[in-house]
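**Student:** Got a structure here, written out as structure tokens. Questions coming.
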Amino acid sequence: MASQIEQLHFLVVPLMSQSHLIPMTDFAKLLAQRGLAVTIITTPLNAARFQPIVDRAVAANLKLRLVPLKFPCSQAGLPPGSENMDTLTSPNQATQFFQASSMLQDHLEKLVSGLEPRPSCFVTSNAVPWMAQVGRKFNIPTYVFNAISCFSLVCSNRIDSMDEELFDSEKPILLPNLPHRIELTKSQLPRSIRKDSDKLDGLLDQMKAALLSAEGVLVNSFEEMELGYVEEYRKVKKKTWCIGPVSLCNKELLDKFGRGNKNSVDEHRCLSWLDNRSNNSVIYTCFGSLCHIPTDQLIEIGLGLESSNRPFIWIIRETDYSPEIQKWLEEERFEERNKEKGLIIHGWAPQILILSHPAVGGFLTHCGWNSTLEGISAGVPMITWPMFAEQFYNEKVVTQVLRIGVRISVEVGMKRGGVEEKGEVMVKREEIKRAVDRLMDEGEGGVQRRERARELEEMAKRAVEEGGSSHWNMTLLIQDVIEQMKNRRGPIQEDMDRPHPVRSLHPFSAQVASHG
Ligand code: UDP
């Protein structure tokens with residue numbers, strides 16, 4: 001199989017959003033570590049962000065590269081530079097963003113037809129449905145990479161088959177035939193499965209169809225954690241492989257530090273701050289790359305963390321760092337008065353480096369799937385504050401299924417894009433303090449939660465090691481691609497028959513001219 005692997009060339013097409021780009025780049029690295037060649041398609045802004053990761057991989061002799069395609073912002077009516085979902089200034093721009101993404105199809109097809117060797121397969125985000133057509137056109141197998149868990153896929157499936165009338169905004173409804181007792185209200189359902197949502201001009205239906213027509217489904221998760229939900233989802237899609245947590249491929253300090261964007265904190269400052277705190281004492285607070293937290297809510301978070309009287313790291317997203325919050329921080333001298341116990345990062349934080357430090361004892365999270373899984377992989381118990389999408393499902397995973405977290409008890413999602421009224425606060429400082437106290441409690445409940453979290457961390461690490469379930473599932477994926485290449489007729493088969501492993505891509509150049 002080794003020589004066959006060297007002939008493989010995977011073309012990875014992530015949605016331009018941090019929750020897809022980051023794990024799919026990790027996944028690409030994992031593939032390249034198996035000896036095959038991987039090209040990641042993205043846009044110039046994202047290529048610049050991820051180039052340092054690729055450069056390090058190339059320096060380690062991995063065949064990994066980024067190919068940027070020009071993103072048609074203006075054609076889709078978006079401001080220049082709107083190349084990643086974290087650059088959008090209003091939730092209303094999402095439809096245009098997906099339109100711009102679908103305009104890449106032509107450019108990608110031109111690129112693929114000239115690419116040597118031809119890709120052996122495509123791996124795309126679940127949110128890039130047009131890749132299904134590209135796969136059919138070139139007779140190249142297309143696999144979908146899911147940025148959510150099997151648990152979430154199964155929950156969505158159950159809800160899809162239920163009568164929407166059953167759901168009520170306040171009264172939780174039990175989802176049928178699941179290994180656990182999972183109840184949700186209508187307000188907690190992801191927009192993508194609510195029948196009263198606008199479905200983003202039919203895009204959500206296309207995503208579902210693309211998922212069902214895919215050759216196989218990859219899930220950034222691991223079987224030992226999914227407790228029956230992989231088997232359930234395999235009833236829908238037989239070739240479902242859990243191949244994560246992919247973030248665990250980042251073992252060196254620099255790999256953990258430089259991930260996704262340029263950090264707003266110096267690595268040494270961050271590490272020395274953490275080194276000076278005792279084990280399991282710090283609460284890390286970060287709400288991902290997309291959530292907008294209104295100023296008044298940010299103030300409550302800051303005051304809640306302060307009143308918990310424990311060391312904390314608090315990330316304020318660049319777009320939330322408004323003149324109002326700056327003024328408040330200055331007038332209150334908040335940073336100064338908390339300089340002994342608080343590290344405040346305005347912008348991008350090295351999340352997995354922080355989470356994996358022994359000083360971190362709790363994670364206040366919005367329950368984005370990557371953040372949730374990164375918390376699990378680092379053995380850190382969590383305070384759950386779901387805000388949108390499938391984050392209420394992820395809260396159930398953390399608090400009910402794995403029992404490694406406490407709820408902050410929000411019952412409805414956050415309106416996205418700063419539409420909150422001034423003064424509107426969902427979670428008050430007292431509730432934040434209460435949740436921190438409960439999580440960090442060193443009584444029996446707290447100790448057991450921490451032990452379970454540590455056991456899961458061990459399981460996650462074993463899953464990605466050689467002989468582990470995710471490592472094996474990655475092998476099954478590679479074998480499947482080899483099988484597909486043998487079975488499919490046409491240019492793909494001819495390519496397999498040619499003797500030289502990596503032709504014009506050799507040496508696998510990290511820098512490829514921009515296309516499109
Ligand atoms: N992230 C990070 N630094 C930050 C904010 C986010 O490294 O300051 C990373 C985080 O580690 C995760 C991703 O961005 O890999 C966020 O994905 P997630 O699914 O948790 O949430 P989303 O951003 O989609 O809401």
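The values are calculated or read from the model by the stated rules, or taken from the named source; none is laboratory data. As the structure is a computational prediction, the values presented were derived from the model and not from experiment. So basically every Cβ, Gly included, is an ideal-geometry build from the backbone, and we count neighbours across all protein chains shown.
**Student:** Checking residue 371 against (1) part of a helix (DSSP H, G or I); (2) on the phi > 0 side of the Ramachandran plot: exactly one of these is not met. Which one?
**Tutor:** (2)
**Student:** Check off (1) touching a strand residue (DSSP E or B) at 6+ places or on another chain (Cβ under 9 Å); (2) under 22 Å from residue 462 (Cα atoms); (3) more than 11 Å from the ligand (Cβ to nearest atom) for residue 358 and give me the number that stays unchecked.
**Tutor:** (1)
**Student:** Pick from the range 1-39 the residues that are out of contact with any Leu (no Cβ under 6 Å at 6 or more places or on another chain) and part of a loop (DSSP other than H, G, I, E, B): which of them is farthest from the ligand (Cβ to nearest atom)?
**Tutor:** Per the stated criteria, the residue is 1.
**Student:** With the condition kept exactly as written, say whether any residue in the range 173-181 is within 16 Å of the ligand (Cβ to nearest atom), out of contact with any Cys (no Cβ under 9 Å at 6 or more places or on another chain) and touching a residue at least 60 places away in the same chain (Cβ under 8 Å). Before the answer, list the steps.
**Tutor:** Applying the first criterion (within 16 Å of the ligand (Cβ to nearest atom)) to the range 173-181 yields none.
No, the range 173-181 contains no residue that is within 16 Å of the ligand (Cβ to nearest atom), out of contact with any Cys (no Cβ under 9 Å at 6 or more places or on another chain) and touching a residue at least 60 places away in the same chain (Cβ under 8 Å).
**Student:** Determine if the range 279-286 includes at least one residue that is buried (at least 18 other Cβ atoms within 10 Å of the Cβ), more than 12 Å from the ligand (Cβ to nearest atom) and closer than 25 Å to residue 394 by Cβ. Steps first, answer last, please.
**Tutor:** Taking the range 279-286 and keeping what is buried (at least 18 other Cβ atoms within 10 Å of the Cβ), we get 282-286.
Those left that are additionally more than 12 Å from the ligand (Cβ to nearest atom): 282-283.
Next, only the ones that are closer than 25 Å to residue 394 by Cβ stay: 282-283.
Looking through the range 279-286, at least one residue is buried (at least 18 other Cβ atoms within 10 Å of the Cβ), more than 12 Å from the ligand (Cβ to nearest atom) and closer than 25 Å to residue 394 by Cβ.
**Student:** Regarding the range 70-80, can at least one residue be identified that is crowded, with 24+ Cβ neighbours inside 10 Å and of a type in the set (Gly, Ala, Ser)?
**Tutor:** no
**Student:** Kindly establish whether residue 249 is within 15 Å of the ligand (Cβ to nearest atom) and modelled with pLDDT of 95 or more.
**Tutor:** Working: within 15 Å of the ligand (Cβ to nearest atom): yes; modelled with pLDDT of 95 or more: yes.
Yes; evaluated as a whole, the condition is true for this residue.
**Student:** Do you know which residues across the range 133-162 are part of a helix (DSSP H, G or I), more than 20 Å from the chain's Cα centre (by Cα) and within 24 Å of residue 232 (Cβ to Cβ)?
**Tutor:** Scanning the range 133-162 gives 157, 158, 159, 160.
**Student:** So in the range 289-300, with the set limited to residues that are away from the ligand (no atom under 15 Å from the Cβ) and touching a helix residue (DSSP H, G or I) at 6+ places or on another chain (Cβ under 7 Å), which one is nearest to residue 17 (Cα to Cα)?
**Tutor:** 295
**Student:** When residues of the range 217-237 are filtered for being hydroxyl-bearing (Ser, Thr, Tyr) and more than 16 Å from the chain's Cα centre (by Cα), how many remain?
**Tutor:** Total satisfying the criteria: 2.
**Student:** A further question on this structure: From the list 253, 271, 290, exactly one residue is hydrophobic (A, V, I, L, M, F, W, C) and farther than 14 Å from residue 357 by Cα. Which is it?
**Tutor:** 290
**Student:** Pairs needed: first member in the range 418-430, exposed (fewer than 11 other Cβ atoms within 10 Å of the Cβ) and modelled with pLDDT under 55; second member anywhere, part of a loop (DSSP other than H, G, I, E, B) and of a type outside the set (S, T, N, Q); C-beta distance under 9 Å; at least 6 residues apart or different chains.
**Tutor:** Note: pairs meeting the criteria are 421/294.
**Student:** Further, regarding this structure: Among 406, 380, 398, which is more than 13 Å from the ligand (Cβ to nearest atom) and either of a type in the set (A, V, I, L, M) or over 30 Å from residue 159 (Cβ atoms) (or both)?
**Tutor:** Result: 406 is the single residue among 406, 380, 398 that is more than 13 Å from the ligand (Cβ to nearest atom) and either of a type in the set (A, V, I, L, M) or over 30 Å from residue 159 (Cβ atoms) (or both).
**Student:** For the range 59-76, does any single residue satisfy the condition of being modelled with pLDDT of 95 or more, assigned to a helix (DSSP H, G or I) and within 30 Å of residue 213 (Cβ to Cβ)?
**Tutor:** Yes, the range 59-76 contains at least one residue that is modelled with pLDDT of 95 or more, assigned to a helix (DSSP H, G or I) and within 30 Å of residue 213 (Cβ to Cβ).
**Student:** Go through the range 217-235 and give me each residue that's at pLDDT 95 or above and surrounded by fewer than 20 Cβ atoms within 10 Å (Cβ to Cβ).
**Tutor:** Listed by number, the residues that qualify are 224, 231, 234, 235.
**Student:** Here is a further query. For residue 228, only one of the following conditions fails: (1) farther than 30 Å from residue 181 by Cα; (2) away from the ligand (no atom under 15 Å from the Cβ). What is its number?
**Tutor:** Going through (1) farther than 30 Å from residue 181 by Cα; (2) away from the ligand (no atom under 15 Å from the Cβ) one by one, residue 228 breaks only (1).
**Student:** Which of the residues spanning the range 266-285 are in contact (Cβ under 8 Å) with a residue 24 or more places away in the chain and either touching a helix residue (DSSP H, G or I) at 6+ places or on another chain (Cβ under 6 Å) or within 18 Å of residue 53 (Cα to Cα) (or both)?
**Tutor:** Residues satisfying the conditions are 267, 283, 284.
**Student:** Given the criteria among the β-branched types (Val, Ile, Thr) and within 16 Å of the ligand (Cβ to nearest atom), does residue 42 qualify?
**Tutor:** yes
**Student:** So is residue 389 within 16 Å of the ligand (Cβ to nearest atom), small (Gly, Ala, Ser), more than 18 Å from residue 245 (Cα to Cα) and touching a Cys at 6+ places or on another chain (Cβ under 8 Å) or not?
**Tutor:** So residue 389 does not fit the description; no.
**Student:** Let me ask something additional. List the residue pairs whose Cβ atoms are under 8 Å apart, where the first residue sits in the range 317-346 and is part of a loop (DSSP other than H, G, I, E, B), the second is away from the ligand (no atom under 16 Å from the Cβ) and hydroxyl-bearing (Ser, Thr, Tyr), and the two are 6 or more positions apart or on different chains.
**Tutor:** As it stands, the answer is 322/295, since those pairs meet every condition given.
**Student:** How many residues does the range 122-161 contain that are at pLDDT below 95 and of a type in the set (D, E, K, R)?
**Tutor:** Of the residues in the range 122-161, 2 are at pLDDT below 95 and of a type in the set (D, E, K, R).
**Student:** Check off (1) buried (at least 22 other Cβ atoms within 10 Å of the Cβ); (2) within 16 Å of the ligand (Cβ to nearest atom); (3) over 28 Å from residue 478 (Cα atoms) for residue 87 and give me the number that stays unchecked.
**Tutor:** (1)
**Student:** Now a separate question. Residue under question is residue 363, and the condition is that it be among the aromatic types (Phe, Trp, Tyr), part of a loop (DSSP other than H, G, I, E, B) and out of contact with any Ser or Thr (no Cβ under 6 Å at 6 or more places or on another chain); does it hold?
**Tutor:** On the way: among the aromatic types (Phe, Trp, Tyr): yes; part of a loop (DSSP other than H, G, I, E, B): no; out of contact with any Ser or Thr (no Cβ under 6 Å at 6 or more places or on another chain): yes.
When the stated conditions are applied, residue 363 does not pass them.
**Student:** Here is a further query. When you scan the range 253-278, how many residues do you find that are assigned to a loop (DSSP other than H, G, I, E, B) and more than 16 Å from the ligand (Cβ to nearest atom)?
**Tutor:** Residues flagged as assigned to a loop (DSSP other than H, G, I, E, B) and more than 16 Å from the ligand (Cβ to nearest atom) within the range 253-278 amount to 3.
**Student:** Taking the criterion of being within 16 Å of the ligand (Cβ to nearest atom), under 30 Å from residue 21 (Cβ atoms) and surrounded by fewer than 17 Cβ atoms within 10 Å (Cβ to Cβ), would at least one residue in the range 308-318 satisfy it?
**Tutor:** The answer is yes, given that some residue of the range 308-318 is within 16 Å of the ligand (Cβ to nearest atom), under 30 Å from residue 21 (Cβ atoms) and surrounded by fewer than 17 Cβ atoms within 10 Å (Cβ to Cβ).
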